[in-house]
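Chemist: Please read through the structure below; I'll follow up with questions.
The values are calculated or read from the model by the stated rules, or taken from the named source; none is laboratory data. As the structure is a computational prediction, the values presented were derived from the model and not from experiment. Here the Cβ positions follow ideal geometry from the backbone for every residue, glycine too, while neighbour counts run over all protein chains shown. Calculation scope for accessible area: heavy atoms of the full protein, side chains included, ligands and nucleic acids excluded. Shrake-Rupley method; radii C 1.70, N 1.55, O 1.52, S 1.80 Å.
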Amino acid sequence: MDSVGVNTAASPAAPERATFRSVFAVGEFRYLWLAQVLSVLGDQLARVAMTVLVYDQTRSAFWAALTYAVTLVPWLLGGLALSGLADRLPRRAVMVACDLIRTVLVGVMALLSIGGATDTGLVLLVVLLFGVTLFDSPFKAARSAMLPDILTGDLYVLGVAVSQTALQVGMVAGFALGGIVVAVLHASGALALDAATFAGSAVLVRFGVHGRPSAAVHQTTTGLRQIAAGVRLVFGQPVLRTLVLFGWLVTFYVVPMGLAAPLARGMHSGLPAAVATGLVFAGGPFGTMIGAIAFSRFVPPARRQNWLGPLAIAACGVLVLFVFRPGLAGCLAILVVSGACASYQLAANSAFVAAVPPERRGQAFGLANGGMQAFQGLWIVLAGALAGRPPLSPALVIAFSGGIGAALAAALAWSRRRETEPDTSPAG
C-alpha cells in the first residue's frame, strides 16, 4: 500500500492476532486454566473408578452406562434451577462454594468405597455422585460467564480453545491413567484424589481470580419465572436455538464413552480390562484436544462459521465405521478423528456468546450445558440398554448413534445456512 502513496502513519494499526502467549499473559486466565485442569483430571479418575467398580460387581453394560449417565443427567436440574446463581451472585463466590461442597461429597464417597461396596453402598455412591454433578452446573455456568470478562475479542476465541484443550488434556490423562490408578489405589484412592483436586481448584479460584459484583444487578424475576425467561431467551430466538442444538450433537458422538467398559472387554485386546477401558475413554478427548488447537490456530476467524456444519456432520458420521467392529487400534483411530471434528464446538460457542446479553450469560450457558449433559445421559442409558440385547453389540449401537447424529447435523447445517444468508429479496 505504501508504494502507491497511501499515508499509513495516520491509519490505526491492525490489531495483532491473538496467540497462546497473549492468552496466558492474562493472570486470571492462568488460574482458571490450572483450576480446570486439576478438577477435570480428578473427575475422570473418579469416573473410571465408578464405572469399573460398578461393572466388576454387576457385569452389566446397562448399569455401567447408567453410572456414567448419572454424572450427566443432574445437569438438567442444575442448568434449570441453579445456573441463574451465576448471574445473581458474584461468580467467583459461586465457583468456590461449589468446589468446597464437592470436596466434602467426594470425600464421603472415598470413605464409603474403602474395601469395595455392598449393593446398598453402590446405590449410596451413585446418589452422592448425582449430588457432585448437580453442583458442576452452577460452577461451569459461572466460569463460562466470567471468561468473556477476562478475555475479549479474538483472545476469547483462543481462550476457549485453550480451555477446551485443558478439558481434553485432563480427560485424556485422567482416563488413560485412571485404569492404572484404580488398579493400584483401588476406587477409594481414586475418589480421594478427586476430592483433593476440588479443594485445590477452590484455592486457585479464590486467590487467583478477581472478585466481581453480581452481573444481574436489577434482577426482578425469581423462581419459575426466571427459569421461563431463560428458556425463552435461549430457545425463543432461531439463531440461539440452532447454536444450542449444534452443541447438543455431542449426545451422539459421546456414546463410546458410556459404553467404554463393555466395548473394551469385547475387543480382547490382551490389555488389562481397566487399562483398555481407560484408552477407549481417552480416544475422543485426545482427538478434541488436537482439533481445538488446529481449529483455533489455522482456521481464520472469518471462516470459522463456515466449518461449523461440515465438522459437526463428520464428528458423528465417522462413528458409522464401528459397524465393521474394529479392534482396539481401529476403535481408537475412529474416536480420535471424531473428537478432532468436534472442534466445531468452538465456532458454536463464540457465536453463542456474541448473541447473549452479558447479564444473562450465566443462565444461558447453564441452560445450554444442562440440556447437553442431560441428553447425553439419557441417550447413554438407552445405548447401554440396547447394547446388552443380542444381536446388538456396543459397536453396532455406537454406529447407529453416529448415523442419527450425522443426519441431524446435516439438518442443522442447512438451517444455519438459511439464518446467516443475507436477505436478497427486493425491498418494498
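Chemist: Could you identify the single residue in G317, G339, G327 that is in contact (Cβ under 8 Å) with a residue 24 or more places away in the chain and in contact with a Phe, Trp or Tyr (Cβ under 8 Å, 6 or more places away or on another chain)?
Modeler: The unique qualifying residue is G339.
Chemist: Tell me yes or no: at least one residue of region 133-144 is at pLDDT 80 or above, surrounded by fewer than 23 Cβ atoms within 10 Å (Cβ to Cβ) and in contact with a Leu (Cβ under 8 Å, 6 or more places away or on another chain).
Modeler: yes
Chemist: Quick check on region 383-394. Is at least one of its residues open to solvent by less than 10 Å² (accessible area, probe 1.4 Å) and either out of contact with any helix residue (DSSP H, G or I) (no Cβ under 7 Å at 6 or more places or on another chain) or not hydrophobic (A, V, I, L, M, F, W, C) (or both)?
Modeler: yes
Chemist: Can you report the number of residues in region 34-62 which are surrounded by fewer than 24 Cβ atoms within 10 Å (Cβ to Cβ), under 16 Å from L263 (Cβ atoms) and among the hydroxyl-bearing types (S, T, Y)?
Modeler: Within region 34-62, residues that are surrounded by fewer than 24 Cβ atoms within 10 Å (Cβ to Cβ), under 16 Å from L263 (Cβ atoms) and among the hydroxyl-bearing types (S, T, Y) number 2.
Chemist: Kindly establish whether T288 is among the hydroxyl-bearing types (S, T, Y), out of contact with any Cys (no Cβ under 8 Å at 6 or more places or on another chain) and farther than 18 Å from I334 by Cβ.
Modeler: Taking the combined requirement at face value, the residue does not satisfy it.
Chemist: Search region 276-296 for residues that are over 15 Å from G258 (Cβ atoms) and small (G, A, S) and pair each with any residue that is in a helix (DSSP H, G or I) and open to solvent by less than 20 Å² (accessible area, probe 1.4 Å) when their beta-carbon atoms are under 6 Å apart and the residues are at least 6 apart or on different chains.
Modeler: What qualifies is A276/A264; G287/G339; A292/A161; S296/L158; S296/A161.
Rundown of residues vs (1) modelled with pLDDT under 75; (2) more than 21 Å from the chain's Cα centre (by Cα); (3) among the hydroxyl-bearing types (S, T, Y); (4) open to solvent by less than 10 Å² (accessible area, probe 1.4 Å), yes/no style:
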| residue | (1), (2), (3), (4) |
| --- | --- |
| T152 | no, yes, yes, no |
| L155 | no, no, no, no |
| A166 | yes, no, no, yes |
| V169 | yes, no, no, no |
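Chemist: Separate question: Of all residues in region 358-410, which are of a type in the set (V, I, T) and touching a Leu at 6+ places or on another chain (Cβ under 8 Å)?
Modeler: Matches in region 358-410: I380, V381, V397, I398.
Chemist: Taking region 218-266 on its own, how many of its residues are at pLDDT below 75 and outside any helix (DSSP H, G or I)?
Modeler: Of the residues in that region, 5 qualify.
Chemist: Restrict the check to region 407-425 and report whether at least one residue is in contact (Cβ under 8 Å) with a residue 12 or more places away in the chain, in a helix (DSSP H, G or I), in contact with a Cys (Cβ under 6 Å, 6 or more places away or on another chain) and open to solvent by less than 10 Å² (accessible area, probe 1.4 Å).
Modeler: Yes, the conditions are met somewhere in region 407-425.
Chemist: I need the full set of residues from region 267-285 which are crowded, with 21+ Cβ neighbours inside 10 Å and either among the hydroxyl-bearing types (S, T, Y) or not in a helix (DSSP H, G or I) (or both), in order please.
Modeler: Hit for region 267-285 is T277, nothing else.
Chemist: If you take the residues in region 366-375 that are open to solvent by 10 Å² or more (accessible area, probe 1.4 Å) and either free of Cβ contacts under 8 Å to residues at least 60 places away in the same chain or under 12 Å from the mean Cα position of the chain (by Cα) (or both), which one is farthest from N349 (Cα to Cα)?
Modeler: Ranking the candidates gives Q373 first.
Chemist: Give the residues of region 280-297 that are more than 15 Å from the chain's Cα centre (by Cα) and modelled with pLDDT under 85, sorted by residue number.
Modeler: I293, S296, R297
Chemist: Of everything in region 307-337, what is open to solvent by 30 Å² or more (accessible area, probe 1.4 Å) and aromatic (F, W, Y)? Give them in sequence order.
Modeler: If the condition is that a residue be open to solvent by 30 Å² or more (accessible area, probe 1.4 Å) and aromatic (F, W, Y), then W307, F324 are the ones that fit.
Chemist: Considering R304, R297, which residue is charged (D, E, K, R), within 27 Å of V239 (Cβ to Cβ) and surrounded by 17 or more Cβ atoms within 10 Å (Cβ to Cβ)?
Modeler: Step by step, each of R304, R297 is checked, and only R304 is charged (D, E, K, R), within 27 Å of V239 (Cβ to Cβ) and surrounded by 17 or more Cβ atoms within 10 Å (Cβ to Cβ).
Chemist: Any idea which of (1) among the hydrophobic types (A, V, I, L, M, F, W, C); (2) part of a helix (DSSP H, G or I); (3) open to solvent by 10 Å² or more (accessible area, probe 1.4 Å) is the one A348 doesn't satisfy?
Modeler: (3)
Chemist: Would you be able to say whether some residue in region 360-383 is modelled with pLDDT of 85 or more and not in a helix (DSSP H, G or I)?
Modeler: no
Chemist: Just checking, which of A261, A292 is open to solvent by less than 30 Å² (accessible area, probe 1.4 Å) and closer than 21 Å to A399 by Cα?
Modeler: A261
Chemist: Cβ contacts < 6 Å: first residue on the phi > 0 side of the Ramachandran plot, restricted to region 194-211; second residue open to solvent by 20 Å² or more (accessible area, probe 1.4 Å), any location; separation 6+ or different chain. Result?
Modeler: That search, which allows pairs on different chains as well, returns nothing.
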